[in-house]
Every structure is written in structure tokens, then in C-alpha cells.
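Structure first, then comments.
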Amino acid sequence: MLHSLAHALIRQLCFACGYAASSLRERLYVDDEEMMGLLIYTADGDSEGTLGGLVRQGEADRLPQVLDRALKDLEWCSADPLCIETEHQGLAGLNAAACHSCLLVSETSCESANALLDRRLVIGDGDSIRGFFQSGLRPSENPVV
């Protein structure tokens, strides 16, 4: 779930900050069930990122809107219903509901080669799989339009 959420945030932050999606990278921190975290960063120091700054998007007054927009974007994929119903796709069939239209990012951005992704773990499938951020677990009361 955390890996899929990181990809959704990378895709949203490239629009919010002005960075190219290939300029942002992820780092996942997982220690069994006790600790989870993610870091989205850039190593590029050029003129990209002039639409609000990556650091600014992570501050308390903006992060809920960024997260809400990323989750809203996961609810619909242009490859649905095929994408949401697929069990084994991608490299060695390690992805479930994840394709280039919704979750896959540049290979340089992902520390796990775009494997083990499933947007259903984040938002659910409306049927048998309840996602971590399904309906009542949204980060903000007023979703971004």
C-alpha cells in the first residue's frame, strides 16, 4: 500500500511543483508493522520546480490537499475496468491494479522497478477489497476539485 501511495504522490507532485516525473524519486521506510514512512525527493538542482516547490508541498497547510488530489486521481484510470480487475501484470506479474495510466512512474524514480503496486490497496475496488484510504479515511473534509 505504501509503495502504491508513494507513486500516486509522485505523479501528483510533478503537477503541483513543476518537476518532471522522472526528476522525483521515492524512498520507502518499512519496519514490519511498527513503522512506515516515505520520502519523495529530487536530486536535480536546475531550474525545474518553480510552481510551488517540493518542500512547500509537504508542509502542513498543503499536504492534505496534495494527498487528497492523489487519492482522487487513483479512483479512476483510463484503462478501467481492465486495470482495476487485473490480478497479475507488469514485471513477472508482480503488480495488480497498476498501469502506465494510473501508478507506474519512471524507472529512475522507483526503487523497486515498478513492482508490487496495487491501487486497490490504497482506494479499494468498491467491491471485495477495502482500501486504506477508502471513503471515510480521506485526509481532508473539503476535497480539492
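Inverting the mean 1/r over all pairs of different Cα atoms, compute the Kirkwood radius of segment 1-43 and quote it in Å.
Mean inverse Cα-Cα distance, inverted, gives 10.8 Å.
Can you work out the accessible area per residue across the chain, with the rest of the protein chains kept in place, probe 1.4 Å, in square angstrom? Please list the in-between numbers first.
Numbers: 8140 Å² over 145 residues.
Here the residues of the chain average 56 Å² of exposed surface.
Sticking with the crude label model, points 7 Å out along Cα→Cβ, report the distance from Ser101 to Trp76 in nm, one decimal please.
Taking the two extended label points, one gets 1.1 nm.
How far, in nm, would the chain grow between Glu34 and Phe15 when pulled straight, counting 0.36 nm per residue and subtracting the alpha carbon separation?
Details: separation 19, 0.36 × 19 = 6.84 nm, distance 3.21 nm.
Gain in length upon complete extension: 3.6 nm.
Whole angstrom only: what separates the Cα centroid of segment 56-131 from the Cα centroid of segment 1-46?
When both Cα centres are located, 12 Å separates them.
Taking the Cα centre as origin and putting +1 on Lys and Arg beta-carbons and -1 on Asp and Glu beta-carbons, what dipole magnitude results for the chain, to the nearest 20 debye?
Numbers: 11 positive and 22 negative charges, 70 e Å.
Here the size comes out at about 340 debye.
When the helices in the chain are scored as -39500 (n - 2.57) per DSSP H run of 4 or longer and the sum is shared across all residues, what 222 nm value do you end up with, to the nearest 500 deg cm²/dmol?
Here the helix-only value at 222 nm equals -7500 deg cm²/dmol.
Once you compute Rg and the Kirkwood Rh from C-alpha atoms, what is the Rg to Rh ratio for the chain?
0.95
How would you order 89-98, 1-10 from highest to lowest mean count of nearby Cβ atoms within 10 Å? Intermediate values should be presented prior to the final figure.
Numbers: 89-98: 18.3, 1-10: 23.1.
Packing proxy ranking, top to bottom: 1-10, 89-98.
For the chain, what % of the accessible area comes from carbon and sulfur atoms, probe 1.4 Å?
Within the chain, the accessible surface is 55 percent carbon and sulfur.
Between 0 and 90 degrees, rounded to the nearest ten: what's the tilt of helix 2-17 against the longest Cα principal axis of the chain?
40
Based on the Cβ-Cβ distance of Ala113 and Glu59, what FRET efficiency does E = 1/(1 + (r/R0)^6) give at R0 = 22 Å, to the nearest 0.05?
With a Förster radius of 22 Å, E is 0.10.
May I ask for the angle, rounded to the nearest 10°, between helix 63-74 and the longest principal axis of the chain, with both axes built from Cα atoms and the value confined to 0 to 90°?
Its long axis makes an angle of about 40 degrees.
The values are calculated or read from the model by the stated rules, or taken from the named source; none is laboratory data. Everything numeric here is computed off the predicted structure, so don't read it as measured data. Ideal geometry is used to build each Cβ from the backbone, glycine not excepted, and the neighbour counts take in all protein chains shown. Just the protein is used for accessible areas: all its heavy atoms, side chains included, with ligands, DNA and RNA removed. Shrake-Rupley method; radii C 1.70, N 1.55, O 1.52, S 1.80 Å.
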